[in-house]
Amino acid sequence: MPLHEHLSFRDGELFLDEVSAGQIAREFGTPVFVVSETQLRRETRRWRQALEDAWPDGPAALLPAFKANTCLALRHVLNGEGVGCDTFGEHELRAALSTGVDPARVSLNGTNKSEAAIRLAIEHGVRITLDSPREVETVLALTSSGSRPALVRLRLRPGGETLEAPSDFSDRGESIAGLAAAYRPGFALSDAERAARSIVDSGSARLVGTHVHLGRHTTSLSTWSGVVSDHVRQIARISAVCGGWRPEEIDLGGGYAERGSPVGQAIAGRGAAPEPPSPERYTQVIAQALRAGMRHHGFDSKGVALQLEPGRAVYGPAGVHLTRVVSVRRSPERPDRRWVELDTTEQFLADVVLEHARYPFVLAGRGSAAPGVPADLTGSSCGFDIIAAGVTVPEDVAPGDLVALLNTGAYVETQTTNFNAFPRPATVLVSGDLVEVIRRAETPAEVFARDRIPARLMGR
């Protein structure tokens, strides 16, 4: 299994940048989330350069999804790289703005946005990706007095024949189209046409573009090309009912797989996934489909801004989750079955359940020449808590061994829970030989800090 650039083995021990996994575990305890600043910057620069190279037609902007990793220190890192972000709802928007990100590089996305969120976006000049007729009405009401105009885009539902392919999310072979149809965000085309017309006619809000988000359903480039082509078809319909309106910017969302993607790898019978497309291939195919679609429908792509939101692909490879083996057990009914119990839990790795993820892993603290044997990596909660089923581990794996789960930089730490009263782990940032806490571990007392017990229940 190839390691990302920030990872290396030295005398049998895993290093993250210039710091050993063992040193991090001793200093900060386990389980712990670790993010390499070096790798995060590397992934961001690669995606940004790939997008700019693929789209010389107009401005190209990378807007990594803030929800993929909400550690504010990491957002400061990305600010330093000159990229913006996609935010979901008021709370993410406030958090992102608190880091000093350029509001002109921020998109407010999400379903069921509050009036407060929309008002905040208008005040800061943030792009608002509208998701429903109600949100259109809210924007027009807030801008009717002639104050600062809202900059809005319409989120359109993804479509096209290529969505009939199976989704990586599904363990039942469901199509992308079927799962996309069950997902509520985005305007139906007829509603989008009416919404666009009302915005264009209002004079108080400005329709600057459109948005579509497929999500991490597939790595198939032909599917992505089809989604982009269908999106331009929808734009052409909107243009026709709006007297020739043209988009200034087109946001093609996120869902792009990172190298070593764990999504869907835990589904029984699914073979090892081929390596996902590179940022260069993703952006080339998307840009080509967009350019061709615009030309086909009579649009000039020159000057049109292209935006992408690759949160998973930017953050994912930079993250490692360190955990120790607590015990190794054998099933009384099936002696050939081993359970390697870790001090982490699926409650800290929610995508093993939500997205059938299987994170690549290595034994981080020592080398082993012992033969490999099948085992399940399990966690510490009261459930089955299977983190990785049917994997191969060294026969001499033992309590105290350090395990590194890779590709955990995106959609992992942000989804941790307190089930079984587990305090959530710390997140530390590694940069060269420097290690710093960027989100401290919870204490056991903090798990219950929000609880309030009425005096009558305490016998007072």
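Read-outs: derived from the displayed coordinates by stated rules, not from any lab. In this text the structure is predicted, and so the values were computed from the model without any measurement. Neighbour counts are summed over all protein chains in view; Cβ atoms, including those assigned to glycine, are modelled from backbone coordinates with ideal geometry.
Below are the figures for this structure:
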read-out: Cα lying deepest toward the dipole's positive end in the stretch 37-316, options VAL285, TYR183, GLY264, charges on Cβ; value: VAL285
read-out: Nearest-20 debye value, the stretch 37-316 charge dipole, Cβ charges on Lys, Arg, Asp, Glu; value: 160 debye
read-out: Kyte-Doolittle mean at least -1.0, axial Cα span of 18 Å or more - DSSP H helices of the chain; value: 189-202, 221-241, 279-296
read-out: Alpha carbon centroid spacing (whole Å) that separates the stretch 273-310 from the stretch 77-92; value: 22 Å
read-out: Selection from PHE361, SER327, THR210 lying farthest towards where the dipole of the chain points positive, charges on Cβ; value: THR210
read-out: Assigned charges on the beta-carbon of Lys, Arg, Asp, Glu; the stretch 212-347 dipole about Cα centre (debye); value: 340 debye
read-out: Exposure proxy ranking, count of Cβ atoms within 10 Å, fewest first, for ILE438, ILE250; value: ILE438, ILE250
read-out: Ascending count of other beta-carbon atoms within 10 Å, so fewest first, for THR417, THR427; value: THR417, THR427
read-out: Under the Karplus curve 6.51 cos²θ - 1.76 cosθ + 1.60, θ = phi - 60°, whole-Hz ³J(HN,Hα) for the stretch 254-271, x wherever Gly or Pro sits; value: x, x, 7, 6, 8, 4, x, 3, x, 4, x, 6, 8, 6, 4, x, 7, x
read-out: Cβ-based exposure ranking for CYS382, CYS242, in which fewest neighbours within 10 Å come first; value: CYS382, CYS242
read-out: J(HN,Hα) series, the stretch 56-69, from Karplus relation 6.51 cos²θ - 1.76 cosθ + 1.60, nearest Hz, glycine and proline x; value: x, 4, x, x, 10, 10, 9, 10, x, 5, 4, 5, 5, 7
read-out: Residue-averaged 222 nm ellipticity for the chain, from DSSP H runs of 4+ at -39500 (n - 2.57), nearest 500; value: -9000 deg cm²/dmol
read-out: DSSP-defined beta bridges in the chain - what % are antiparallel, rounded to 5; value: 50 percent
read-out: Per-residue ³J(HN,Hα) for the stretch 160-177, Karplus 6.51 cos²θ - 1.76 cosθ + 1.60, θ = phi - 60°, Hz, x for Gly and Pro; value: x, 5, 5, 6, 6, 5, x, 8, 5, 6, 8, 9, 10, x, 5, 6, 4, 4
read-out: For the stretch 37-316, with +1 on Lys and Arg beta carbons and -1 on Asp and Glu, the positive-most of LEU156, THR99, SER225 along the dipole; value: THR99
read-out: Gyration tensor verdict on the stretch 1-76 (Cα atoms; rounded if a/c is under 1.5, prolate if a/b is larger than b/c, oblate otherwise); value: oblate
